[in-house]
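No value in this document is a laboratory result; all are computed from the given coordinates. In this text the structure is predicted, and so the values were computed from the model without any measurement. Neighbour counts run over all protein chains shown; Cβ positions are idealised from the backbone, glycine included.
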Ligand SMILES: CC(C)(COP(=O)(O)OP(=O)(O)OC[C@H]1O[C@@H](n2cnc3c(N)ncnc32)[C@H](O)[C@@H]1OP(=O)(O)O)[C@@H](O)C(=O)NCCC(=O)NCCS
């Protein structure tokens with residue numbers, strides 16, 4: 001079932017009539033996605049720093065201010081920041097190319113509503129445009145190390161069509177490495 005919950009269903013689910021039921025694999029459409037990549041947007045950075053502090057999800061030793069420099073995009077629901085993506089360029093040696101390694105985090109109170117899918121698709125497209133505009137940086141795509149056991153059910157699928165993230169290898173600890181290639185990228 002997909003689409004907006006209304007009437008009886010919204011009362012049964014108890015979440016109000018304006019929360020969307022996610023269709024399988026489709027990005028949430030009830031989140032407002034805002035670009036942050038290399039914009040120095042103080043408002044988004046401040047919201048993201050408060051988000052990381054409130055949830056305590058950054059690894060020890062990582063300062064929120066430092067992570068804010070890596071912000072790609074933020075998702076807002078009813079004016080509240082509920083998720084972010086960040087990226088750092090890194091070389092995947094087996095592919096002999098540089099990728100924007102993407103991280104996503106969504107507020108536990110907003111998980112399983114496809115906010116992360118929406119953020120990842122939006123962030124991929126934002127970074128793809130930036131990479132096309134900056135060809136000298138030679139960024140081949142986005143990459144991700146799939147760190148969350150929660151997505152275990154999806155690990156059996158080598159290609160995720162909506163985000164275009166396909167399996168390209170494994171870390172020594174077994175975690176999957178996935179990339180989505182940028183359409184314009186070509187090897188020298
Ligand atoms: C991983 C994370 C970003 C997912 O956020 P989310 O908004 O809940 O993800 P989505 O709603 O877009 O879910 C996408 C799909 O991922 C899978 N998934 C996400 N959370 C899951 C869970 N708790 N259990 C099982 N599957 C899950 C599902 O397949 C889901 O699709 P479905 O709901 O149709 O089954 C979020 O759990 C998070 O912030 N975790 C902590 C930080 C982290 O581990 N980040 C990832 C590594 S960088």
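Quick notes on this one:
- Translational diffusion of the range 24-103, µm² s⁻¹ [Kirkwood Rh, Cα pairs; Stokes-Einstein; 25 °C; 0.890 mPa s]: 178 µm²/s
- Histogrammed with a bin width of 5 Å, the alpha carbon distances of the range 33-181 distribute as 2, 9, 19, 23, 21, 17, 8, 2, 0 percent, first bin at zero.
- When each of 138, 186 is scored by the number of other beta-carbon atoms lying within 10 Å, the sequence from fewest to most is 186, 138.
- Ranking of 76, 187, 122 by count of other Cβ atoms within 10 Å, fewest first: 187, 76, 122
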